[in-house]
1. Pick out, in residue order, every one of the trypsin sites (Lys or Arg not before Pro) in region 1-93 that is DSSP loop and has at most 15 other C-beta atoms within 10 Å; say none if there are none.
2. Given the Cα atoms of the chain, and with Rh set as the inverse mean 1/r over their pairs in the Kirkwood sense, what is Rg to Rh to two decimals?
3. Suppose every Lys and Arg Cβ carries +1 and every Asp and Glu Cβ carries -1, with no other charges. What dipole size does the chain come out with about its Cα centre, to the nearest 20 debye?
4. Running a GNM on the chain with Cα contacts under 10 Å, which residue among ILE49, ILE29, ILE21 ends up with the highest mean-square fluctuation?
5. How high is the relative contact order of the chain, in percent, with contacts defined as C-alpha pairs under 8 Å that are six or more residues apart?
Amino acid sequence: MEIKQTAVAGTVESSDIMITIEPNSQEEIAISLDSSVEKQYGPQIRALITATLTKLGLKAVKVTAVDKGALDCTIQARTITAAYRACGQEAFAWKEIDSWNA
């Protein structure tokens with residue numbers, strides 16, 4: 001997969017996260033996180049976003065995440081959705097996620 005455009009998934013409502021993904025000219029995953037629980041869960045949120053993008057095969061990505069206390073499953077779903085939108089793809093086999101966690 002290759003990032004072709006900027007894309008967003010999620011909201012800034014309570015218990016959600018808004019993920020914005022855009023191309024990165026450098027071959028790295030750069031994450032900017034604004035979270036009300038960053039002191040407690042910031043490293044876990046960053047690690048989950050990075051792991052999800054890595055599993056999707058993305059390496060050159062800028063991520064802006066505005067977290068309002070989202071659970072891991074929500075963070076992962078929003079990251080996947082934003083990534084697919086940014087790559088211009090519509091379909092994702094959501095059942096494959098079960099094998100990611102095995």
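1. Here the trypsin sites (Lys or Arg not before Pro) that fit, given the DSSP loop and packing criteria, are LYS4, LYS59.
2. My calculation puts Rg/Rh at 0.94.
3. With Lys and Arg at +1 and Asp and Glu at -1, about 80 debye.
4. Its mean-square fluctuation being the largest, the pick is ILE29.
5. Computed value for the chain: 40 percent relative contact order.
None of the figures in this text is laboratory data; all of them are computed from the coordinates on show. Here the structure is a predicted model, which means the values were calculated and not measured. Positions of Cβ are backbone-derived with ideal geometry, glycine not excepted, and every protein chain shown enters the neighbour counts.
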